[in-house]
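Undergrad: If you scroll down you'll find the structure; I have some questions about it.
The values are calculated or read from the model by the stated rules, or taken from the named source; none is laboratory data. As the structure is a computational prediction, the values presented were derived from the model and not from experiment. Every residue, glycine among them, receives a Cβ derived from its backbone with ideal geometry; neighbour counts consider all protein chains shown.
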């Protein structure tokens, strides 16, 4: 059984990332709407209402995950003034973090684990604001592409008389969202992902999904994770991913061919990383990879921008649940855990123009 965890121990997780706290645990072993539509082999958090998956082996780890989610949710909620695409993205991130807090609390209570009520963290001015704050004065880039915030140019604006400097709400929010993204990087470091391999099979998908959301959040606001080379999953687990990646590549090729201008550029920005990931996954699958079909049927709608956007959403929606399908078997497999978190974070990022980010991408959470 997991060692008891004190409120002080839970608070120690704040600001250092979940995995850093997990690495120091005494135990050796032991989610608004889902990001994507449920897949045929998708792990289902609602399937077993019994408390056994969380009551003994991973209670300390889940408490630490809850403390980390509470901290990030409070930090995000203190950010106000985001404008343009950042405003919408911030709202999605806030909803995702709040969902993580709610679901983790429910899982722990279902396992008869006391859930501590933690005080909001003390933050510096602007360290963390509500996702529905005022728009502010600045506007987003025309193409909606995220840019890195936090530099001196983002934080201050001259008043013109050379004697004073003011900070617009939008510039302040840009810098704070950049800080939030860098904080999320702490949850996808090699040390963090290594610690996840010790989590028991029933709970591993939950923490992998959270890590994927954190990696996507980091990249969204300009702090791209420094992922290692993709070395897992392998064999049959990798081959299973191709059932979603091959149709997605084909579909986005068709969408790009049927569109023009900015619309085509948007599809091509998704197509290039999809092709690269598909090549890497195929190599990892080896002999287990079946040859792709010569073509796939495309649904109606490719003749209109609205129809193409709907198809793009459907294609990317299959990625996350497919990526998560085999994650209960990855306990002890560092390559599979690391590769899955990387692929999941990328899938959430690629889908976001058409599908909102959520707290547990690829999983069907209670109440979803």
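Undergrad: Within region 335-350, is even one residue part of a helix (DSSP H, G or I), surrounded by fewer than 17 Cβ atoms within 10 Å (Cβ to Cβ) and over 17 Å from the mean Cα position of the chain (by Cα)?
TA: No.
Undergrad: If the requirement is being within 19 Å of residue 103 (Cβ to Cβ) and either in a loop (DSSP other than H, G, I, E, B) or in contact with a helix residue (DSSP H, G or I) (Cβ under 7 Å, 6 or more places away or on another chain) (or both), which of these qualifies: 241, 207?
TA: Being within 19 Å of residue 103 (Cβ to Cβ) and either in a loop (DSSP other than H, G, I, E, B) or in contact with a helix residue (DSSP H, G or I) (Cβ under 7 Å, 6 or more places away or on another chain) (or both) holds for just one of 241, 207, which is 207.
Undergrad: A further question on this structure: How many residues are out of contact with any helix residue (DSSP H, G or I) (no Cβ under 8 Å at 6 or more places or on another chain) and outside any helix (DSSP H, G or I) if we restrict to region 247-262?
TA: Summing the residues that are out of contact with any helix residue (DSSP H, G or I) (no Cβ under 8 Å at 6 or more places or on another chain) and outside any helix (DSSP H, G or I) in region 247-262 gives 1.
Undergrad: Only residues that are closer than 23 Å to residue 210 by Cβ and modelled with pLDDT under 90: list them for region 142-198, please.
TA: 146
Undergrad: Right, next: Quick check: is even one residue across region 342-352 closer than 28 Å to residue 222 by Cα, in contact with a helix residue (DSSP H, G or I) (Cβ under 8 Å, 6 or more places away or on another chain) and modelled with pLDDT under 95?
TA: yes
Undergrad: Could you check residue 80 against (1) touching a helix residue (DSSP H, G or I) at 6+ places or on another chain (Cβ under 8 Å); (2) closer than 21 Å to residue 365 by Cβ and say which number it fails?
TA: The single condition residue 80 does not satisfy is (2).
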